[in-house]
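*Asks:* Dropping the structure in here first, questions after.
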Amino acid sequence: MHRVFENFVEQLCESVDAVDLREAMASTAAGFDFPLFAYFACPSESGEAPRLISNYPSAWTSAYLQGRYHSLDPVILRGLRGWDTL
């Protein structure tokens, strides 16, 4: 596990764009036996599009974003409340 994390940090340091970041995240997820991952960033201002970096199928991520499911997703909603509101 320690080596997986070290590899992730190394890949992050070498990343120059979202493609590199996606590859670093996919490699790390695979290192923990997770075949898929998703990183979602909510827009900081209304009217901006959310950012999704993932290795889920593009048809699924497109439907998720177009349907605005992030506004209903319990995982996203829990994350928005913060770590100290358990």
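Every number in this text was worked out from the coordinates using simple rules, so none of it is lab data. Quantities reported herein were computed from a predicted structural model and do not represent experimental measurements. Glycine also receives a Cβ, built like all others from the backbone with ideal geometry; neighbour counts cover every protein chain displayed.
The rows are residues; the columns are (1) in contact with a Leu (Cβ under 7 Å, 6 or more places away or on another chain); (2) surrounded by 13 or more Cβ atoms within 10 Å (Cβ to Cβ).
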site: VAL19; (1), (2): no, no
site: ALA24; (1), (2): yes, yes
site: PHE37; (1), (2): no, yes
site: TRP60; (1), (2): no, no
site: TYR64; (1), (2): no, yes
site: ASP84; (1), (2): no, no
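*Asks:* List the pairs whose first member sits in segment 19-43 and is in contact (Cβ under 8 Å) with a residue 24 or more places away in the chain, whose second member is of a type in the set (Phe, Trp, Tyr) and assigned to a helix (DSSP H, G or I), and whose Cβ atoms are under 7 Å apart, counting only residues at least 6 apart or on separate chains?
*Replies:* THR28/PHE8
*Asks:* Turning to a different aspect of this structure: What's the number of the condition GLU48 fails, among (1) surrounded by fewer than 11 Cβ atoms within 10 Å (Cβ to Cβ); (2) touching a helix residue (DSSP H, G or I) at 6+ places or on another chain (Cβ under 9 Å)?
*Replies:* Of everything listed in (1) surrounded by fewer than 11 Cβ atoms within 10 Å (Cβ to Cβ); (2) touching a helix residue (DSSP H, G or I) at 6+ places or on another chain (Cβ under 9 Å), GLU48 misses just condition (2).
*Asks:* A further question follows. I need the full set of residues from segment 44-67 which are in contact with a strand residue (DSSP E or B) (Cβ under 9 Å, 6 or more places away or on another chain) and of a type outside the set (A, V, I, L, M), in order please.
*Replies:* Passing the criteria: PRO50, ARG51, SER54, ASN55, TYR56, TRP60, THR61, TYR64.
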